[in-house]
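Every number here is computed from the coordinates shown, using simple stated rules; none is lab data. Everything quoted here is computed from the prediction, not taken from an experiment. FYI the Cβ positions are ideal-geometry reconstructions off the backbone, even for glycines, and counts take in every protein chain you see.
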Amino acid sequence: MLRLPLNHCRVCGTAVAYRLPDDGDTKERAVCPACNTVHYENPLNVVGTVPSWGEDGAQVLLCKRNIEPRRGKWTLPAGFMELGETTSQGAARETDEEAGAQYEMLGLFTVMNVVRVGQVHMYYRARLLSAEFNPGYETMEARLFTEAEIPWDEIAFKTVKQTLEQYFEDRRKGAYGIHTFDIE
Ligand code: ZN
């Protein structure tokens, strides 16, 4: 679901009103009647990795979520990008936090627009350097799956399923591209 509308000014706390700002902007924004601050609300970035193991990348690391939403479902390590980091650094940080994996970051793999919730998801490929994982509190279990073993009906998010399907398709071709998708 889309983020809730902003109710109060982030600067002074006064209740905001959604209206066209005075500067010729054509979209309604949350405008503060007290201090005139215009609050721009824009999509958030979610960044993550497809960590693969083995010389031919036949196995992929998935994490069983220990937090809502979709607690108990499997996901690739990913989360919201933080201020002060690059997309690649954010993807690496999430991989540390959720899986405690050791890996080498590789190239950008998927870019997915999730317009319905105002998000852009980006996944990088990563090469695991060890099959030992030390997952954090957000993860119940972290383990490797071959394509045949992946619990396709237990994948937490459409973006993760799309990225995994593309990963194994590219792997069969022997060449990994950069893919963009619009998720329903
Ligand atoms: Zn204000």
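Overall, the ratio between the Cα radius of gyration of the stretch 1-41 and 2.2 N^0.38 Å, rounded to two decimals, is 1.10. Give, as a single signed number, the net charge of other residues whose beta carbon lies under 14 Å from the beta carbon of CYS9, with Lys and Arg counted +1 and Asp and Glu -1. Its environment carries a net charge of +2. As I understand it, the value is the acute angle between the Cα axis of helix 158-173 and the longest principal axis of the Cα atoms of the chain; what does it come to in degrees, rounded to 10? The answer is roughly 40 degrees.
About its Cα centre, the dipole of the chain is roughly 380 debye, where the only charges are +1 on Lys and Arg Cβ and -1 on Asp and Glu Cβ.
Here the stretch 1-73 and the stretch 133-183 have alpha carbon centers that stand 23 Å from each other. Within the shell defined by Cβ-Cβ distances under 15 Å, the residues around ALA131 carry a net charge of -4, with Lys and Arg each +1 and Asp and Glu each -1.
What is the calculated FRET efficiency for ARG10 to ASN113, with r their C-beta to C-beta distance and R₀ = 25 Å, to the nearest 0.05? E between ARG10 and ASN113, to the nearest 0.05, is 0.45.
Think of the stretch 1-41 as having a plus end and a minus end, set by charges on the Cβ of Lys, Arg, Asp and Glu; of ALA15, VAL38, LEU4, LEU4 sits farthest toward the positive end of this dipole. Computed packing ranks the peptides 39-51, 162-174 as 39-51, 162-174, most packed first, by mean other Cβ atoms within 10 Å. Using a 7 Å offset from Cα along Cα-Cβ at ALA17, what residues in the stretch 27-50 end up with backbone N under 16 Å from the label point? From the stretch 27-50, the list is 28-39. If the Kirkwood radius is taken over C-alpha pairs of the chain, then at 4 °C and 1.567 mPa s the Stokes-Einstein diffusion coefficient equals 72 µm²/s.
Within the same chain, lysines fewer than 8 places from LYS158 are excluded, and of the rest, those with a Cα less than 18 Å from its Cα are LYS64, LYS73.
Computed from the C-beta positions of LYS173 and GLU68, the FRET efficiency with R₀ = 41 Å rounds to 0.65.
For GLN102, nonlocal amide neighbours, meaning residues 5 or more places apart or on other chains whose placed amide H falls under 5 Å from its own, are LEU129, SER130.
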